[in-house]
Amino acid sequence: MVAYLVDPTTRYGHGVLGDAIEAGGFVVERDGQRLLFRLGPDAVFEDRRVRLADLDGDGQPEAILVKAYLDRGAALAVYRIGRHAIEPLAEGPAIGQRNRWLNPVGVADFVGSGQAMLAAVVTPHLAGSLRLYRLAGRALVEVSRIDGFTNHRLGERDLDLAQIGDLDGDGTPEIVIPSLSRQDLAAIGFKGGRAVVLRKAPVTQRVARFLVLRGPRATIETDTGERLDVMIGRD
């Protein structure tokens, strides 16, 4: 299965990802079949990729994207990939204001419940609110949040300033993410459904890129181009 964005459009003009061109639709290719989903004129996909992950536990991936309404800003949107068509499955609440964006972190069983959940940072250049969502019918319901973190630099095309990994080997993943100032790396856990900072490590320069996460060791690149290894796991 391959999925990608199509139908470039300038009808939004926010430019959070470095230009004013967003996508009006996306395509999924599977077994020689090409499925197309197009948005109406009131929204765009303010994103750079289509994420494929199984959120509803049926063993088949859904498509997850950032959908931005022209008048209400961004929302998380999940689409079911059927045999012959792509259909909307669930959507989170829009931020509520034009030119307000969010950036997904990824999908994992963050609380150890056996249910995959979706993590995202709402307004990563303003409040930096890291939030966890579960799929409930046709809605994405917020489970937990913690403010003061970012997974994107304004105007950058890189969406991956945070990483998911099991830092302590207990089988439940954590999120390693810069603080809003990008001068610290934090390990965030969600055990018990509540977001907790497990550890925070200062960085000598501001985090510019997250290169790799191997166990408790994160390798990052700073604004000055320096490559640093940061120990972020528990003592």
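The values are calculated or read from the model by the stated rules, or taken from the named source; none is laboratory data. Fair warning: this is a prediction, and the values are worked out from it, not measured in the lab. Here the Cβ is made from the backbone with ideal geometry for all residues, glycine too, and neighbour counts use every protein chain on show. The accessibility values were calculated without ligands, DNA or RNA, using every heavy atom of the protein model including side chains. Shrake-Rupley method; radii C 1.70, N 1.55, O 1.52, S 1.80 Å.
Which ones in segment 137-168 are touching a Gly at 6+ places or on another chain (Cβ under 7 Å), open to solvent by 40 Å² or more (accessible area, probe 1.4 Å) and farther than 28 Å from P88 by Cβ?
Residues satisfying the conditions are D147, E156, D168.
Which of (1) surrounded by 21 or more Cβ atoms within 10 Å (Cβ to Cβ); (2) without any contact (Cβ under 8 Å) to a residue 60 or more places away in the chain is the odd one out, the single condition W101 does not satisfy?
(2)
Which of the residues that make up segment 66-85 are open to solvent by less than 70 Å² (accessible area, probe 1.4 Å) and without any contact (Cβ under 8 Å) to a residue 60 or more places away in the chain?
Once the filter is applied, which keeps residues that are open to solvent by less than 70 Å² (accessible area, probe 1.4 Å) and without any contact (Cβ under 8 Å) to a residue 60 or more places away in the chain, segment 66-85 yields V66, K67, A68, Y69, L70, G73, A74, A75, A77, Y79, G82, A85.
Is it true that G92 is in contact with a strand residue (DSSP E or B) (Cβ under 9 Å, 6 or more places away or on another chain) and closer than 21 Å to A195 by Cβ?
So G92 fits the description; yes.
Taking segment 20-56 on its own, how many of its residues are open to solvent by 60 Å² or more (accessible area, probe 1.4 Å), modelled with pLDDT of 95 or more, not basic (K, R) and not in a strand (DSSP E or B)?
Qualifying residue count, segment 20-56: 3.
Step by step: first the residues of segment 127-136, then only those that are without any contact (Cβ under 8 Å) to a residue 60 or more places away in the chain and within 16 Å of the chain's Cα centre (by Cα), then the one that is most open to solvent (accessible area, probe 1.4 Å). Which residue is that?
R134
Check L161 against each of (1) under 13 Å from R209 (Cα atoms); (2) in contact with a Leu (Cβ under 6 Å, 6 or more places away or on another chain) and name the one condition it does not meet.
Tallying (1) under 13 Å from R209 (Cα atoms); (2) in contact with a Leu (Cβ under 6 Å, 6 or more places away or on another chain), L161 fails exactly one: (2).
Exactly one of (1) of a type in the set (G, A, S); (2) loosely packed, with under 14 Cβ neighbours inside 10 Å; (3) modelled with pLDDT of 95 or more is unmet by A63. Its number?
If we test A63 against (1) of a type in the set (G, A, S); (2) loosely packed, with under 14 Cβ neighbours inside 10 Å; (3) modelled with pLDDT of 95 or more, just (2) comes out false.
Conditions first: (1) assigned to a strand (DSSP E or B); (2) at pLDDT below 95. E142 passes all but one, so which condition is the exception?
Every condition holds for E142 apart from (2).
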